[in-house]
Structures are given as C-alpha cells and as structure tokens.
Amino acid sequence: MEHAQPNCSSRSFNNGIWRARRAAVFHGRIVVHKDAQKTDAKQTNRNLLLSDSARIDTKPQLEIYADDVKCTHGATIGQIDEEPLFYLRSRGFDLATARNMLLHAFASECLDRVNEPVVRELPRA
C-alpha cells in the first residue's frame with residue numbers, strides 16, 4: 001500500500017487459517033511518502049494455526065517518510081483457545097461443530113468487511 005498524497009487513509013485486515021504441514025508467508029508493506037502528511041493507515045495480520053506443524057512467517061512493515069501521520073501495524077499467531085472451545089462443548093456442541101463455529105467467527109472478522117456482494121456471497125466452508 002502506498003500513500004503519496006496528503007490526507008490518505010487505508011485499512012488492511014488479513015486473517016489466515018493454516019492446517020497441518022502448511023507454510024505461509026505474509027509480507028505486508030505500507031509506504032507513506034514525504035508529501036503524504038495526515039495519512040491514517042492500519043495494517044493487521046492475524047493467523048490461526050490448526051496444528052503444531054502449520055507455520056506462518058509474518059512481516060508487517062511500515063516505511064514512513066512524512067512526520068504528521070497516524071500509522072499502526074501488527075501481527076498475531078496462535079491456535080484455537082481451549083476456553084471458548086470448552087464453553088461451546090459444555091453447551092452441547094460436539095468438538096467438530098464447536099471448532100467450526102470458532103473458525104467461522106475468526107474468518108468473519110475479515111469477511112464481514114468485504115463490500116463486494118459477489119465476494120460476500122461466496123460459499124463458506
């Protein structure tokens with residue numbers, strides 16, 4: 001993402017779900033040029049690993065050459081939290097259904113931001 005004019009704004013939300021023996025790389029970059037004062041940019045990369053053998057290498061990056069900006073970036077990597085899984089199981093959901101509910105909630109953080117109807121209507125597994 002490149003910002004070359006004043007008063008630009010951008011939001012980049014990237015969620016990944018990675019299964020067994022899969023490796024992925026996220027390299028996100030925001031460049032704010034010298035003339036792009038008052039830029040407001042945010043980059044987020046969240047990753048959910050579904051096994052101990054899944055791997056993600058993530059590198060969010062900011063290059064800021066202006067001095068009046070509000071820019072953030074961050075990355076998280078983790079596995080399904082056992083506490084909400086336990087809560088759903090204690091409410092009668094089997095393990096597979098509980099896991100799928102949590103995966104859907106995680107993916108929805110990004111999918112719900114999509115404004116294109118064609119993309120929003122794609123079937124979700």
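The values are calculated or read from the model by the stated rules, or taken from the named source; none is laboratory data. On a predicted model such as this, the values are computed, not experimentally measured, just so you know. All Cβ positions, even for glycine, are placed from backbone atoms using ideal geometry, and neighbour counts span all protein chains on display. Heads up: the accessible areas ignore ligands, DNA and RNA and are worked out on the full protein's heavy atoms, side chains in. Shrake-Rupley method; radii C 1.70, N 1.55, O 1.52, S 1.80 Å.
I'd like to verify a number: residues in region 9-41 that are among the small types (Gly, Ala, Ser) and under 13 Å from Ala66 (Cβ atoms), how many? Result for region 9-41: 2.
Scanning region 101-116 for residues that are among the hydrophobic types (A, V, I, L, M, F, W, C) and either surrounded by 12 or more Cβ atoms within 10 Å (Cβ to Cβ) or part of a loop (DSSP other than H, G, I, E, B) (or both) yields Met101, Leu102, Leu103, Phe106, Ala107, Cys110, Leu111, Val114.
Of all the residues in region 68-90, those that are charged (D, E, K, R), modelled with pLDDT of 95 or more and assigned to a loop (DSSP other than H, G, I, E, B) number 1. Per this entry, Ala98 is not counted among residues that are assigned to a helix (DSSP H, G or I), open to solvent by less than 50 Å² (accessible area, probe 1.4 Å), closer than 18 Å to Ala24 by Cα and among the small types (Gly, Ala, Ser). Filtered by the rule that a residue be over 18 Å from Met1 (Cβ atoms) and without any contact (Cβ under 8 Å) to a residue 40 or more places away in the chain, region 13-49 gives Trp18, Arg19, Ala20, Arg21, Arg22, Ala23, Ala24, Asn47, Leu49. Within region 1-12, the set of residues being of a type in the set (Ser, Thr, Tyr) and either free of Cβ contacts under 8 Å to residues at least 24 places away in the same chain or surrounded by 12 or more Cβ atoms within 10 Å (Cβ to Cβ) (or both) comprises Ser10, Ser12. Cβ-Cβ contacts under 9 Å between residues 6 or more apart (or on different chains), taken from a first residue in region 81-93 that is over 15 Å from Leu48 (Cβ atoms) to a second residue that is part of a helix (DSSP H, G or I) and of a type in the set (Ser, Thr, Tyr), are listed as Leu88/Thr97. Checked against (1) of a type in the set (Gly, Ala, Ser); (2) open to solvent by less than 50 Å² (accessible area, probe 1.4 Å); (3) more than 29 Å from Asn115 (Cβ to Cβ), Gly78 passes all but condition (3).
A single entry from Lys38, Lys34, Lys59 fulfils the requirement of being at pLDDT 90 or above, in a strand (DSSP E or B) and open to solvent by 60 Å² or more (accessible area, probe 1.4 Å): Lys59.
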